[in-house]
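**Student:** Dropping the structure in here first, questions after.
The values are calculated or read from the model by the stated rules, or taken from the named source; none is laboratory data. All of these numbers come straight from a predicted model, not from anything done at the bench. We place every Cβ from the backbone using ideal geometry, glycine too, and count neighbours over all the protein chains shown.
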Amino acid sequence: MLFLNPAFLIYGLFGFFFGIILHEVAHGWVAYKLGDPTARAMGRLTLNPRVHIDPIGALMFVLVGFGWAKPVPMNPYNFRDYRTGMAISSVAGPLCNLAQLMVWALLFRLYLQVYPFMPALGAIPLKFAATGALVNGILLVFNLIPIPPLDGSRILAWMLPPREAAFVDRLERYGFIILIVALWLGLFGLIWPAVIWVGGLFMPAGWLAFVP
């Protein structure tokens with residue numbers, strides 16, 4: 001299995017930590033720009049990994065190849081519009097992962113051009129770039145799933161009428177349980193085609209062959 005491959009963990013660690021840290025900073029920075037200073041006041045608008053890394057989330061990456069960071073705190077009542085502020089702040093995280101996927105894809109393509117002239121490095125940079133792109137593709141698609149407490153649930157609530165949006169809000173207290181059950185029922189397998197599709201938009205054909 002891909003996520004039980006030690007080589008995947010080694011090559012993916014860099015992309016994973018950057019992926020989750022920048023994801024959370026993006027949430028906090030956009031929330032700050034929209035009027036909520038909570039993340040900034042709590043010192044979360046920084047790239048210092050110590051304030052972002054969740055020990056359990058990091059351990060889960062080591063065990064199963066997928067994890068998370070500490071969620072950036074937000075106070076939606078500081079936004080001019082509660083729903084809109086939460087939706088924009090929430091989508092900032094996945095968009096940040098999309099931007100990182102594009103950067104990894106650019107690095108992959110650039111190295112392909114010089115690959116024949118750098119035999120000492122071999123395919124190592126290509127493996128780092130391909131794995132970084134895959135990890136960010138997973139973070140992007142997974143976080144857009146409309147299940148609380150994922151970012152997609154806040155975007156969904158913004159799109160729904162007030163009564164239905166309030167129902168989504170109430171589900172958040174059970175969100176972790178719902179998410180665990182969904183994963184146990186095979187949710188990851190369902191999103192995998194979307195991850196490969198998104199990656200394929202920016203990566204060249206055959207890029208998955210370089211993922212350990």
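**Student:** If I ask for residues that are surrounded by 15 or more Cβ atoms within 10 Å (Cβ to Cβ) and among the polar types (S, T, N, Q), which ones from the stretch 55-110 would you list?
**Tutor:** ASN78, SER89, SER90, ASN97, GLN100
**Student:** Now for a different question. Go through the stretch 54-81 and give me each residue that's more than 15 Å from LEU139 (Cα to Cα) and in contact with a strand residue (DSSP E or B) (Cβ under 9 Å, 6 or more places away or on another chain).
**Tutor:** The one that is more than 15 Å from LEU139 (Cα to Cα) and in contact with a strand residue (DSSP E or B) (Cβ under 9 Å, 6 or more places away or on another chain): ASP54.
**Student:** Select from the stretch 63-102 the residues that are under 17 Å from TYR11 (Cβ atoms), touching a helix residue (DSSP H, G or I) at 6+ places or on another chain (Cβ under 6 Å) and either part of a helix (DSSP H, G or I) or among the aromatic types (Phe, Trp, Tyr) (or both) and list them in ascending order.
**Tutor:** Listed by number, the residues that qualify are VAL64, GLN100, LEU101.
**Student:** Being over 22 Å from ALA26 (Cα atoms), in contact with a helix residue (DSSP H, G or I) (Cβ under 8 Å, 6 or more places away or on another chain) and at pLDDT 95 or above is true for just one of ALA165, ALA105, ALA130. Which residue is that?
**Tutor:** Among ALA165, ALA105, ALA130, only ALA130 is over 22 Å from ALA26 (Cα atoms), in contact with a helix residue (DSSP H, G or I) (Cβ under 8 Å, 6 or more places away or on another chain) and at pLDDT 95 or above.
**Student:** Do we find that ARG50 is touching a residue at least 40 places away in the same chain (Cβ under 8 Å), more than 30 Å from GLY206 (Cα to Cα) and not in a strand (DSSP E or B) in this structure?
**Tutor:** Spelling it out, it is not the case that ARG50 is touching a residue at least 40 places away in the same chain (Cβ under 8 Å), more than 30 Å from GLY206 (Cα to Cα) and not in a strand (DSSP E or B).
**Student:** Further, regarding this structure: Any idea which of VAL114, VAL141 is of a type outside the set (Phe, Trp, Tyr), over 16 Å from the mean Cα position of the chain (by Cα) and in a helix (DSSP H, G or I)?
**Tutor:** Exactly one of VAL114, VAL141 is of a type outside the set (Phe, Trp, Tyr), over 16 Å from the mean Cα position of the chain (by Cα) and in a helix (DSSP H, G or I), namely VAL114.
**Student:** Pick out the one residue from GLY152, GLY200 that is within 15 Å of the chain's Cα centre (by Cα), farther than 20 Å from GLY65 by Cα, small (Gly, Ala, Ser) and in a helix (DSSP H, G or I).
**Tutor:** GLY152
**Student:** Let me ask something else about it. Confirm whether PRO125 is surrounded by fewer than 22 Cβ atoms within 10 Å (Cβ to Cβ) and under 23 Å from THR46 (Cβ atoms).
**Tutor:** no
**Student:** Touching a residue at least 12 places away in the same chain (Cβ under 8 Å) and exposed (fewer than 14 other Cβ atoms within 10 Å of the Cβ): is that true of ARG44 in this structure?
**Tutor:** So ARG44 fails the test.
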